[in-house]
Amino acid sequence: MPEIPYLIFRLHETFYGVEATAVQEILWLPELTPLTQAPGHIVGTMNLRGRTVPVMDLGLRLGQPRQRYQLTDNVIVLAQGEQRLGVIVTTVYDVLSLTETAMEEVPLHQEQQPDTPRIVTALAHDGEKTFLLLNHQALLHDSLTDTSPEALPSPACAFAVSEEEREVLRERARQLRQAPESRQESDTLSLAVIRLHEEHFGVELDVIQEFVRCPQITPIPCCPPYIVGDMNLRGNILTIVDIRMALHLPLTPPRSPAEIMVVQVADLQVGVLIDAVCDVISLPSPDMHPVPVAVQVPGPEYLQGTAVYNGKILGVLDLPKLLTREDWIINEEA
C-alpha cells in the first residue's frame with residue numbers, strides 16, 4: 001500500500017498533519033497586513049515575492065479561542081495550482097510517511113453539512129503521539145481572491161511587546177517581498193535531466209560540455225571518496241568526481257563503461273559520474289519553485305529549485321555551488 005508523506009506540526013498543544021506535497025514552504029511569522037472584509041480566521045495577508053497570500057489562524061478556523069502569536073510561530077504555505085494560503089502554527093515537528101491503514105476516519109459532526117468540505121478528516125498514531133490529519137483542499141477553499149488590503153496597523157504587531165520584536169516582524173516581511181533577482185519570469189532554463197541513484201536532477205546546459213562513456217577510470221591514491229579517479233579525454237587528464245555524497249545519496253562503484261558528464265565551472269573542468277542522461281527539457285522559470293521544506297529531496301542546499309518531471313519532483317542542481325564548496329578540493333590536473 002502506498003505511503004503518503006505528511007508534514008506534522010503542533011498548534012498549541014495538539015499535533016496535526018497535512019499532506020507534505022501540498023506544502024510550498026515554511027516561514028517565520030512576518031508582519032501581516034489586515035483585511036477589512038474577511039472571515040475572522042483570515043487574520044491578514046503577506047506579500048510573498050510579489051504574490052498576496054492570505055494568512056489563516058488555524059486555531060480560529062477550528063473554533064478554538066484566540067491566542068497570542070509568538071515570534072517563534074511558523075507559517076506553512078499551502079499551494080494548489082494558483083491558490084496559496086498561509087497557515088499559522090506553533091512549530092513544525094517532522095515529516096512522516098503514513099499508509100491509509102494507519103489512519104482512522106473522524107466521524108462527521110451532526111452540525112456539519114454533508115456537502116461542506118471537512119477540515120479534519122482522520123486520526124493517525126505514531127508511538128505515544130496522535131495526529132489530526134487535515135484536508136488541505138478544504139483549507140485552501142478558505143483562500144481569498146480579489147481582496148484589497150487596507151493600510152491599517154498590522155494585527156501581527158499587537159502581540160509584539162517591544163520595538164525590537166516589531167522590527168523583527170517588519171524585517172521578515174521585507175525579506176519575503178523581495179523577488180529573486182537571478183532570472184526574469186519570462187526566462188527559460190535549458191536542462192539536461194540526469195539520473196543518480198534513482199533520483200532525477202536537472203543540470204543547466206550552459207555548464208555541460210559533453211557526455212562521454214569511459215571504459216576505465218584510473219584511481220588516484222590517497223584521495224577523498226568524492227574523487228573517483230581520472231580519465232584521458234582526447235589527450236587531456238580529466239578528474240572524475242562523484243557528487244552523490246554531497247547530495248546525501250549512497251556511493252556506488254562506477255559501472256563499466258562509466259557515464260561521465262563533462263562540465264566547465266569557471267576555470268574548472270571536471271567529469272561528473274552519473275547513472276544516465278535521460279532527457280533534455282526547456283523549463284520556464286515560473287515552473288521552477290522553491291525547494292519544498294516539507295518534502296525530503298536529496299541535497300536541498302545545492303538545489304536552485306524544483307520542478308515536476310514525469311509526475312515526480314525534479315531537483316535543479318546548482319552545480320557551480322556544489323563543485324566549489326569549501327571542503328572540496330578538486331585538482332583537475334591530478
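Rule-based calculations on the coordinates, nothing more; no lab input. What you are looking at is a predicted structure, and each value in this text was computed from that prediction instead of being measured. Note that each Cβ is placed from the backbone with ideal geometry, even for glycine, and that neighbours are counted across all protein chains shown.
Before moving on, here are some points about what is shown:
- FRET efficiency, 1/(1 + (r/R0)^6) with R0 51 Å, evaluated for Arg213 and Glu82 via beta carbons: 0.70
- Relative contact order for the range 1-94: 33 percent, from Cα pairs under 8 Å spaced at least 6 residues apart, divided by residue count.
- What the Cβ-Cβ distance of Ser97 and Ser190 gives, at R0 = 30 Å and to the nearest 0.05, is a FRET efficiency of 0.30.
- By the beta-carbon count within 10 Å of each Cβ, the least crowded to most crowded order of Arg170, Arg213, fewest first, is Arg213, Arg170.
- Residue order, fewest to most beta carbons within 10 Å, for Val207, Val308: Val308, Val207
- Protection proxy ranking, highest mean first, for peptides 230-241, 214-225: 230-241, 214-225, where packing is the per-residue count of other beta-carbon atoms within 10 Å, averaged.
- Nonlocal amide H pairs with Val241, under 5 Å, H built at 1.01 Å: Val228, Gly271, Val272, Leu273
- Packing-based exposure ordering (other Cβ within 10 Å, fewest first) of Glu259, Glu3: Glu3, Glu259
- Look at the dipole of the range 188-323 built from charges on Cβ: of Gly315, Val228, Ser190, the Cα furthest out on the positive end belongs to Val228.
- Relative contact order computed over the range 184-270 (Cα-Cα under 8 Å; 6+ residues apart), in percent: 29
- Were the residues from Ser256 through Glu3 laid out at 0.36 nm apart, the gain over their Cα-Cα distance would be 87.6 nm.
- Each label was represented as a point 7 Å from its Cα along the Cα-to-Cβ direction; for Asp318 and Glu104 these points are 4.5 nm apart.
- In plain terms, the chain from Asp267 to Arg170 could stretch by 30.8 nm, reckoned as 0.36 nm per residue minus the Cα-Cα distance.
- Placing pseudo-labels 7 Å out from each Cα toward the beta carbon at Cys278 and Leu249 gives an inter-label distance of 0.9 nm.
- Nitroxide proxy distance, nm - points 7 Å out along Cα→Cβ at Asn310 and Ala138: 3.6
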